[in-house]
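Notes follow the structure.
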Amino acid sequence: MRIRATAAAVSAVTGALALTGLAVPAAQAADSGTPYTLDVSFSNFKIASSIKVGTTATVSTKVSYTLTHGSDVDPTASDFYTDAMLYRGTLDGTEDSSDGVSSGPATCTVTSATTATCTGTLDIYPADGDLSNADAGTWKGAAEAVDFNGQDPNSNNLDLSKIGYKDQGDLATTKVLRLGKLTANASPEPVKKGKTITVTGKLTRANWETGKYAGYASQSVKLQFRKKGSSTYTTVKTIKSSSTGALSTTVTASVDGYYRYSFAGTATTSAVNATGDYIDVQ
């Protein structure tokens, strides 16, 4: 994933401290001084349990967290910046384009003299190469804050010793999953009662590196049936997808209803149900 931020702020302070997810001109980074540790902490980080990402569409996910701060910090000030992040591995202040994604500036609402609730949006851009297939799986939540203490973040004369910074990882987890797709087609239709029905389909998933969907091989997929007039599917049998993700099996026609395939998902790929295909049994 690529780290992205929509506000001008600090990305790295040469020789002092890397400020993750933000962007700074070289002239600013060259200024003297060392940022101090900002008196803030983060908790109650909330994000969806999973984020399903396809091949082209931007995926946006809401995130919120509680910011607890000292009396000298104003989280609503124009020179204060905070955002949420997702990252892999260890949050060590040196995250780069392969390590995380930021929400851009979060909006904070004061809830007490020392706390605020902050909300933001994490955007993932698969069409822009934000992800490789190896990125699928569990990611961790983090948050950060920067207090410029009256200084213009775009200034060429920043006094880094007056800038406060703090980040905190391991606040939550979420799964970033390759989006799965599934089809089902039952034939012949109509069919006489007692005759054989063949149900075909295909299981595919997003390939973030090629920007296309590819067959998901050797996966357990359930064939399910819903009788006409019912709202519940029941499992008929379980089969394996082929080396190309293809599915095919047979059943005996009994009553009118819908056949579909259902995939439970894996640690890297989202669960998905095919649209039911109606069979008219005569």
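Tell me whether the stretch 157-282 comes out rounded, prolate or oblate; compute the Cα gyration tensor, take square roots of the eigenvalues as a ≥ b ≥ c, and use a/c under 1.5 as the rounded threshold.
Since a/c reaches 1.5 and a/b is larger than b/c, the shape of the stretch 157-282 is classed as prolate.
Roughly how many percent of the accessible protein surface of the chain is carbon and sulfur, given a 1.4 Å probe and a whole-percent answer?
C and S atoms contribute 48 percent here.
Which value in nm describes the separation of the simple spin-label points at Val236 and Thr58, placed 7 Å from the Cα toward the beta carbon?
4.3 nm
Once the dipole of the chain is set up with Lys and Arg at +1 and Asp and Glu at -1 on Cβ about the Cα centre, which of Ala84, Ala116, Thr68 lies farthest towards its positive end?
Ala84
So for each of 225-235, 164-174 I average, over its residues, the number of other beta carbons within 10 Å; can you give me the resulting order with the highest mean first?
Highest-to-lowest ranking by the protection proxy: 164-174, 225-235.
Could you do me a favour and compute the accessible area per residue for the stretch 125-282, 1.4 Å probe, result in Å²?
Using a 1.4 Å probe on heavy atoms only, each residue of the stretch 125-282 averages 46 Å².
I need the shape label for the chain. Rule: rounded when a/c is under 1.5, else prolate if a/b > b/c, else oblate, with a, b, c from the alpha carbon gyration tensor.
prolate
Taking Cα pairs under 8 Å and at least six residues apart, what relative contact order does the stretch 124-167 come out at, in percent?
Once divided by the residue count of the stretch 124-167, the mean separation gives 38 percent.
With +1 on the Cβ of every Lys and Arg and -1 on the Cβ of every Asp and Glu, and nothing else charged, how large is the dipole of the chain about its Cα centre, in debye rounded to the nearest 20?
Charge dipole of the chain: 2680 debye, to the nearest 20.
Given the Cα-Cα distance of Val255 and Asp79 and 0.36 nm per residue of separation, how much length would full extension add, in nm?
Net length gain for the segment: 56.6 nm.
Using only Cα atoms, locate the centre of the stretch 198-227 and the centre of the stretch 134-192, then give the distance between them in Å, rounded to an integer.
First find each Cα centre; the distance between them is then 27 Å.
Using amide H atoms built 1.01 Å from N in the peptide plane, name the residues 5+ places from Ser254, or on other chains, whose amide H lies under 5 Å from its own.
Long-range HN contacts for Ser254: Gly194.
Would you kindly derive the ³J(HN,Hα) couplings of the stretch 220-229 from the backbone phi angles with the Karplus curve 6.51 cos²θ - 1.76 cosθ + 1.60 (θ = phi - 60°), listing them in order in whole Hz, with x for Gly and Pro?
6, 10, 8, 8, 10, 10, 10, 5, 3, x
How high is the relative contact order of the stretch 33-189, in percent, counting Cα pairs under 8 Å that sit 6 or more residues apart?
34 percent
Give a residue-ordered list of calculated ³J(HN,Hα) values for the stretch 208-213 (Karplus: 6.51 cos²θ - 1.76 cosθ + 1.60, θ = phi - 60°; whole Hz; x for Gly, Pro).
Those phi angles translate into 5, 8, 9, x, 10, 9 Hz.
With a Förster radius of 35 Å, plug the Cβ-Cβ distance of Ser49 and Lys192 into 1/(1 + (r/R0)^6) and report the FRET value to the nearest 0.05.
Once rounded, the FRET efficiency stands at 0.15.
Enumerate the amide H contacts of Lys52 below 5 Å, restricted to partners 5 or more residues apart or on another chain; note that Pro and chain-start residues carry no placed amide H.
Distant-sequence amide H within range of Lys52: Leu177.
Looking at the square roots a ≥ b ≥ c of the eigenvalues of the Cα gyration tensor of the stretch 140-202, which shape do they give, rounded for a/c under 1.5, prolate if a/b is larger than b/c, or oblate?
Because a/c hits 1.5 or more and a/b exceeds b/c, the stretch 140-202 counts as prolate.
Give me the percent of DSSP beta bridges within the chain that run antiparallel, rounded to the nearest 5.
90 percent
Where Rh is the Kirkwood radius over the Cα pairs of the stretch 80-169, the temperature 20 °C and the viscosity 1.002 mPa s, what D in µm²/s does Stokes-Einstein return?
It diffuses with D of about 143 µm²/s by this estimate.
Too long at a 32 Å Cα-Cα cut-off: which of Lys192/Lys212; Lys52/Lys192; Lys175/Lys228; Lys140/Lys181; Lys62/Lys228; Lys195/Lys222?
From the list (Lys192/Lys212; Lys52/Lys192; Lys175/Lys228; Lys140/Lys181; Lys62/Lys228; Lys195/Lys222), the Cα-Cα distance tops 32 Å for Lys192/Lys212; Lys52/Lys192; Lys175/Lys228; Lys62/Lys228.
The values are calculated or read from the model by the stated rules, or taken from the named source; none is laboratory data. The structure presented is a predicted model; accordingly, all values stated were derived computationally and were not measured. No Cβ is skipped: glycine too gets one built from the backbone with ideal geometry, and neighbour counts run over all protein chains shown. Just the protein is used for accessible areas: all its heavy atoms, side chains included, with ligands, DNA and RNA removed. Shrake-Rupley method; radii C 1.70, N 1.55, O 1.52, S 1.80 Å.
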